[in-house]
Amino acid sequence: MAPYYHKKGEQVYLQTWHGTPLKRLGHDILDNGITYYRSRLSYQQMLRSYDDDSRHWDYLISPNPFSSQAFTSAFNLNKGKLLEVGYPRVDCLVNVDSSKCMELKRRYGLPLDKKVVLYAPTWRDDSFGIRGYRFELAVDFYKWKNHLGDDTVILFKPHYLISNVYQVPNDLSDFVYIMAASADINDAYLMSDVLITDYSSVFFDYANLNRPIYFYMYDFEQYEQELRGFYLKVPDELPNDVIRTEKELLRRIKEDIFDYDRLQAFNQVFNSWNDGKVSSKVAKRIFYEN
């Protein structure tokens, strides 16, 4: 919440947050002497900004026991403020409707008869410029097109904090489709058949669709040791292995190499509260039991 906004006494501040955390948050981030989110802040300023906001929360939604532990630690939060029910926004993924998926593809101009690979990378704490965070595209979409073939397209969804815009070359316009950073990420999930990400928390929600997830972490050591660090044991607790090279990434996607049993085990730990009825549970708690 913006620092200039003052909550009235009768108002309820429901913090929905934006995902189960893979990257460390708030007080759990080690001070490595770099700038942080809410940008160009020192480490202590970053912590104060989290503390100033979290003290106003009446409730924080938690999607799983793992997140409850991380949130209470990262935000110095009283566990009594947690709503441990799952994520309301995941209801549409649990109650997935195939006709809705086709409708979304038409709306966004995606081909209806091709495999859609969603590429949704996150931002890096140390890549901040005058206008915001920059993302250096570390993939070769020409190589992707040659390897994946004509029956596949890429849906590129940049993180909303990324300020620079990737321009699709004319000769890739039938292969790479850009989704606005401000567009609803759930739409991207529903339209896609496969997810590629790196350190973004998007894979926790996407896993509810029981579709393949691939982790392309070309800068894994730097991210783990010099930037955020992780809550999870990577890759052991992920629903797939960490992939370091484009060649291996494209091979696994092309050959449909994916362990669905591993994904099911992951969902048992992180998504068992998402039963498709979370929105009604939260509404009942806030409006009728508060």
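The values are calculated or read from the model by the stated rules, or taken from the named source; none is laboratory data. Quantities reported herein were computed from a predicted structural model and do not represent experimental measurements. Ideal geometry is used to build each Cβ from the backbone, glycine not excepted, and the neighbour counts take in all protein chains shown.
For the structure I just gave you, tell me whether S42 is more than 27 Å from G276 (Cβ to Cβ) and out of contact with any helix residue (DSSP H, G or I) (no Cβ under 7 Å at 6 or more places or on another chain).
Values: more than 27 Å from G276 (Cβ to Cβ): yes; out of contact with any helix residue (DSSP H, G or I) (no Cβ under 7 Å at 6 or more places or on another chain): yes.
Yes; evaluated as a whole, the condition is true for this residue.
Out of G26, G80, I need the residue that is small (G, A, S) and farther than 30 Å from D219 by Cβ. Which one?
Working: G26 fails: farther than 30 Å from D219 by Cβ.
The conditions single out G80.
Under the condition of being assigned to a loop (DSSP other than H, G, I, E, B) and buried (at least 17 other Cβ atoms within 10 Å of the Cβ), which residue from region 59-92 is farthest from the chain's Cα centre (by Cα)?
Restricting attention to region 59-92, the residues satisfying the condition of being assigned to a loop (DSSP other than H, G, I, E, B) are 63-64, 75-78, 85-87.
Now narrow it down to the ones that are buried (at least 17 other Cβ atoms within 10 Å of the Cβ): 63-64, 75, 77, 85-87.
Working: P63: 13, N64: 15, F75: 19, L77: 22, V85: 19, G86: 15, Y87: 13 Å.
Among residues in region 59-92 that are assigned to a loop (DSSP other than H, G, I, E, B) and buried (at least 17 other Cβ atoms within 10 Å of the Cβ), the one farthest from the chain's Cα centre (by Cα) is L77.
Take the residues in region 93-117 that are assigned to a helix (DSSP H, G or I) and in contact with a Phe, Trp or Tyr (Cβ under 9 Å, 6 or more places away or on another chain); name whichever of them is surrounded by the fewest Cβ atoms within 10 Å (Cβ to Cβ). It would help to see each step written out before you state the result.
To start, the set of residues in region 93-117 that are assigned to a helix (DSSP H, G or I) comprises 93-94, 98-108.
Those left that are additionally in contact with a Phe, Trp or Tyr (Cβ under 9 Å, 6 or more places away or on another chain): 93, 108.
Numbers: L93: 21, Y108: 16.
Among residues in region 93-117 that are assigned to a helix (DSSP H, G or I) and in contact with a Phe, Trp or Tyr (Cβ under 9 Å, 6 or more places away or on another chain), the one surrounded by the fewest Cβ atoms within 10 Å (Cβ to Cβ) is Y108.
Which one of these does K233 not meet: (1) surrounded by fewer than 20 Cβ atoms within 10 Å (Cβ to Cβ); (2) modelled with pLDDT under 95; (3) touching a Pro at 6+ places or on another chain (Cβ under 7 Å)?
Answer for K233: the failing condition is (3).
Does at least one position in region 154-170 carry a residue that is part of a helix (DSSP H, G or I) and buried (at least 21 other Cβ atoms within 10 Å of the Cβ)?
Within region 154-170, the subset part of a helix (DSSP H, G or I) is 170.
Filter once more, keeping what is buried (at least 21 other Cβ atoms within 10 Å of the Cβ): none.
For region 154-170, residues part of a helix (DSSP H, G or I) and buried (at least 21 other Cβ atoms within 10 Å of the Cβ): absent.
In region 258-290, how many residues are touching a residue at least 60 places away in the same chain (Cβ under 8 Å) and either part of a helix (DSSP H, G or I) or within 20 Å of the chain's Cα centre (by Cα) (or both)?
First pass over region 258-290, keeping only residues touching a residue at least 60 places away in the same chain (Cβ under 8 Å): 267, 269-279, 281-282, 285-286, 290.
Checking which are either part of a helix (DSSP H, G or I) or within 20 Å of the chain's Cα centre (by Cα) (or both) leaves us with 267, 269-276, 278-279, 281-282, 285-286.
Total meeting the criteria: 15.
Can you find a residue that is crowded, with 18+ Cβ neighbours inside 10 Å, within 28 Å of P63 (Cβ to Cβ) and modelled with pLDDT of 95 or more anywhere in region 176-187? So that I can check it myself, show each step before the final result.
Filtering region 176-187 down to residues crowded, with 18+ Cβ neighbours inside 10 Å leaves 176-177, 179, 185, 187.
Restricting the remaining residues to those that are within 28 Å of P63 (Cβ to Cβ) gives 179, 185, 187.
Going one step further and asking which of them are modelled with pLDDT of 95 or more, we end up with 187.
Yes, region 176-187 contains at least one residue that is crowded, with 18+ Cβ neighbours inside 10 Å, within 28 Å of P63 (Cβ to Cβ) and modelled with pLDDT of 95 or more.
Out of region 236-290, which residues are modelled with pLDDT of 95 or more, aromatic (F, W, Y) and farther than 18 Å from T16 by Cβ?
Residues satisfying the conditions are F258, Y260, F266.
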